[in-house]
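This report refers to the structure that appears directly beneath it.
The values are calculated or read from the model by the stated rules, or taken from the named source; none is laboratory data. From a predicted model like this one, the values you see are computed outputs, not experimental measurements. Neighbour counts are summed over all protein chains in view; Cβ atoms, including those assigned to glycine, are modelled from backbone coordinates with ideal geometry.
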Amino acid sequence: MTIMEPRKHGDASDGMIGGRQSRFEGSMKVTGAATYALEYPVKGLAHAVLVQSTIPAGRVVAVDTSRALAAPGVLLVLTPEDDLGLVAASDWYGNRPENQPYHPLPREVRFNGQTIVAVVAESREQASEAAKLIDVAYEETPSVASLDDPNAGEGKLMENLSSAWGDAESAFAAAPVQVEAEYRTPREYHVAMEPHGLTVKWDGEQLTVWEPSQWSHGMARTYSEWFGIPAENVQLISPFIGGGFGSKGAALAHSAVAAAAAKKLGRPVKLALTRPQNFTGYGGRAATRQKIALGATQDGVLQAIIHRGISETSTYVDYPEQTGAATPILYKVENFSSQHRVVPVNTVTPGALRGPGKNPSAYGIECAIEELAYKIGMDPLEIRLKNYADHDYQSGKPWSTRRLREALTEGAEAFGWSRRSHAPRSMRDGRQLIGWGIGCGTFPVIRAPSEALIRILANGHVEVVSGAIDMGQGTYTILAQTVSEVLGVPVEQIEVHLGDSRLPGSAIAGGSMLAGSITGAVHKTAMAARDELIGLALSDANSPFRETGANTLTLSEGRIAVPRSGGLSMTLRELMATLNRDHIEVRRNTLAEGSQSPEDHKKAWTTLASVQGATSGDYSMHSWCAHFAEVRVDEDFGTVRVSRMVSAFDCGRLYNPKLVESQWRGGIIMGIGQALLEEGLVDGRNGRTINNNMGDYLVPTNSDIPDIQVISVGVADPHASVLGGKGVGEVGIVGVAPAIANAVFHATGKRVRDLPITLEKLI
């Protein structure tokens, strides 16, 4: 459990919902006071190091551990021959294979870089040296390196991801204007600043895990199922996380290895993945291919969209990067057809990376709509407004709120779009070609149950307690603001406890669902605490408010008072003293009425079975954005720089605009990297990730980032969440890459349809 002691920033209104309160934990991170998972001081640590496969497919025939076991300090070597006694755990939705063993060090090799051996020693250095002495013999089998492999095949159709209405094929054939193209995105990786790793300690059948986690409750469940111990025997601690972006929402194979090693040794074990191991220890965004056909009238009205997408997946799990996720909802169209296939290749199973599905999907459709605009000579802004979707044509439901039109128009005005010259290569500054482009984006509103505990303490301070996590998006801060607004307590008197699986249940920090879910739980709990406090003040025999004749009381600036001029007023500390109470404690959750059994709670906090999607109610609920990008392309060398970005967002009510703007800018920066720099390179001969380090896998740095202006055009959406907010974290990246790609075409007249856009593709 971590206690944050907030410091006051700005005026009092900053502490309320909608205020620009600075992040509570910011100073701790800057000064080094924040303790991350691998920094916890645990006595008697042993250190584990992993050995990975060097072939893409086959079997481990034999492992010679003799030299490693003889090396100084070595305590244990685990190989595929060791039965760790683990049982397969449930998936994210609670589905669990019956009595199926789990082998985190498998004999069957499915990708290059798969963990097959673990060495544990007194120090990390000793373990690393001993790992070099492991000799592995393989029996290699044929493999498929990537989507470009001649043996990749067409893959498997994902029926549940197909969508259609009208007669798209006939409408396209009859359309007077047709555009057809293929768009490609490469493998991309999370490359969070904090690599994966964990420290594990057993006390009998009690397991404590210090591990960076986007979902403390879900990951704790996995450990309990792996080892067959009660869920309450597992405590996962994760108060601070150095970036996740989707990679830290599940306990992975290396987690199981570390926990099993600690159990066998009877002492704590620390395992830290190297940076290269972070490229294969879990999956990044899958490579995708999309073929898009647009049919339209001569004046730009869409008649048909036909979409065919594929993404790579592993040979052992079907994980789709849904290329058709954004295509059905961005524009009005009466005839639509979309299909998605997954192609098994020898890679680690891909995972969710910021804006999963919607990100590559928006790249395809937003580039295609721009190509259509140029084919008929129409302004790219005009064609988007002309085909504005008045409702969700896929589900048939009305939007809860959709201010994408306002995002386009207000973003265009702030950007100065009206000054744009339409023809490619028509804007320049000396030898630099200037291009302007647009890209729209969206991400669904996803909701999940959560719970919270609030204590009003004798000193007038308030504690907010939840197992939710904060990986930098501001959970500590917005929960304090939520309580401050309801209880009228200044934020400097509020302490927030997060990041522990033994605290009240919470939704996963993924899919932009955490803020709306946990603020709803905290708001409900704070309202109940307020009612209890006022009730006690009006009814307790020791309370001076009992004699005032008041029907209710007000709470403001840490005081409780009769709501009339000159009425009795006292601090919460004074009231708690008169009531002889050391605390008032209230716990509430957002589960549906009638779903309050312990089993319901366990399922709600530890699986995604209770998650509600964007169209699970009467409305279709999404966040929206419009990005306007300016690029400068060196005419001689083909180098591309983004020189300006203006992005307008509809994310509903903003709980804290300062933190939201930071999230938006972070997504935009990742989008710039996606457009111009990021590309996972695979050796076609052996399936090895070539650029598995921060020197060769390029991400944006300060010098790559221009001035970024972000604008909110949203209004409170009461259907999306209790406080009216919609997701902000995922949507920021969606649409950035096509905005830049479209700007590059405007600058150069060359259409690059495969990311990243590098100079050799322009020269």
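Considering only residues that are among the small types (Gly, Ala, Ser) and closer than 9 Å to Lys397 by Cβ, look in the range 615-625 and name the one that is surrounded by the fewest Cβ atoms within 10 Å (Cβ to Cβ).
Step by step, filter the range 615-625, then rank; the result is Gly617.
Return the pairs, sorted by first residue and then second, in which the second residue is surrounded by fewer than 24 Cβ atoms within 10 Å (Cβ to Cβ) and of a type outside the set (S, T, N, Q), the first residue lies in the range 709-727 and is on the phi > 0 side of the Ramachandran plot and modelled with pLDDT of 95 or more, the beta carbons are less than 7 Å apart, and the residues are 6+ apart or on different chains.
So the pair list comes out as Gly724/Arg653; Gly724/Ala716; Gly724/Pro718.
Residues are listed down the side, and each one gets a yes or a no for (1) closer than 30 Å to Phe172 by Cβ; (2) in contact with a helix residue (DSSP H, G or I) (Cβ under 7 Å, 6 or more places away or on another chain); (3) surrounded by 19 or more Cβ atoms within 10 Å (Cβ to Cβ):
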| site | (1), (2), (3) |
| --- | --- |
| Glu205 | no, yes, no |
| Met219 | no, no, yes |
| Val234 | no, yes, yes |
| Ala251 | no, yes, yes |
| Val257 | no, no, yes |
| Lys270 | no, yes, yes |
| Tyr282 | no, no, yes |
| Ala287 | yes, no, yes |
| Ala293 | yes, yes, yes |
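Mind listing whichever residues of the range 696-718 are surrounded by fewer than 19 Cβ atoms within 10 Å (Cβ to Cβ), in a loop (DSSP other than H, G, I, E, B) and not acidic (Asp, Glu)?
Leu698, Val699, Thr701, Ile705, Pro706, Val715, Ala716, Pro718
Among the residues of the range 568-608, write down those that are surrounded by 14 or more Cβ atoms within 10 Å (Cβ to Cβ) and of a type in the set (Gly, Ala, Ser).
Within the range 568-608, Ser569, Ala577, Ser595, Ala604 meet the criteria.
So Met694 passes all but one of these: (1) farther than 30 Å from Met378 by Cα; (2) at pLDDT 95 or above. Which condition number does it fail?
(2)
Which residues, taken from the range 110-145, are over 29 Å from the mean Cα position of the chain (by Cα), part of a strand (DSSP E or B) and not small (Gly, Ala, Ser)?
Val117, Val119, Val120, Asp135, Val136, Tyr138, Glu139, Glu140
For the range 463-481, name all the residues that are among the charged types (D, E, K, R) and surrounded by 24 or more Cβ atoms within 10 Å (Cβ to Cβ).
Of all residues in the range 463-481, those among the charged types (D, E, K, R) come to 463, 470.
The answer is Asp470, and nothing else.
Go through Asn742, Asn693 for me and flag whichever is in contact with a helix residue (DSSP H, G or I) (Cβ under 7 Å, 6 or more places away or on another chain), outside the structural domain of Gly19 (by TED's automatic domain parsing) and not in a loop (DSSP other than H, G, I, E, B).
Being in contact with a helix residue (DSSP H, G or I) (Cβ under 7 Å, 6 or more places away or on another chain), outside the structural domain of Gly19 (by TED's automatic domain parsing) and not in a loop (DSSP other than H, G, I, E, B) holds for just one of Asn742, Asn693, which is Asn742.
Select, from Arg455, Arg530, the only residue that is in a strand (DSSP E or B) and either touching a His at 6+ places or on another chain (Cβ under 8 Å) or assigned by TED's automatic domain parsing to the domain that holds Leu553 (or both).
None of the others qualify; the one that does is Arg455.
Does Leu654 qualify as being assigned to a helix (DSSP H, G or I), surrounded by 19 or more Cβ atoms within 10 Å (Cβ to Cβ) and in contact (Cβ under 8 Å) with a residue 60 or more places away in the chain?
For Leu654, the condition - assigned to a helix (DSSP H, G or I), surrounded by 19 or more Cβ atoms within 10 Å (Cβ to Cβ) and in contact (Cβ under 8 Å) with a residue 60 or more places away in the chain - is not met.
Of all residues in the range 392-442, which are in a strand (DSSP E or B) and charged (D, E, K, R)?
Arg428, Asp429
What's the total number of residues in the range 160-204 that are of a type in the set (D, E, K, R) and farther than 25 Å from Ala145 by Cα?
Matching residues across the range 160-204 total 6.
For the range 161-211, name all the residues that are closer than 30 Å to Ile241 by Cβ and among the charged types (D, E, K, R).
Selection gives Arg187, Glu188, Glu194, Lys201, Asp203, Glu205, Glu211.
Go through the range 48-93 and count every residue that is in a strand (DSSP E or B) and under 21 Å from Gln114 (Cβ atoms).
17
Considering every residue within the range 490-511, establish whether at least one is assigned to a strand (DSSP E or B), within 25 Å of the chain's Cα centre (by Cα) and either surrounded by fewer than 24 Cβ atoms within 10 Å (Cβ to Cβ) or among the aromatic types (Phe, Trp, Tyr) (or both).
So far as the range 490-511 goes, yes, one or more of its residues are assigned to a strand (DSSP E or B), within 25 Å of the chain's Cα centre (by Cα) and either surrounded by fewer than 24 Cβ atoms within 10 Å (Cβ to Cβ) or among the aromatic types (Phe, Trp, Tyr) (or both).
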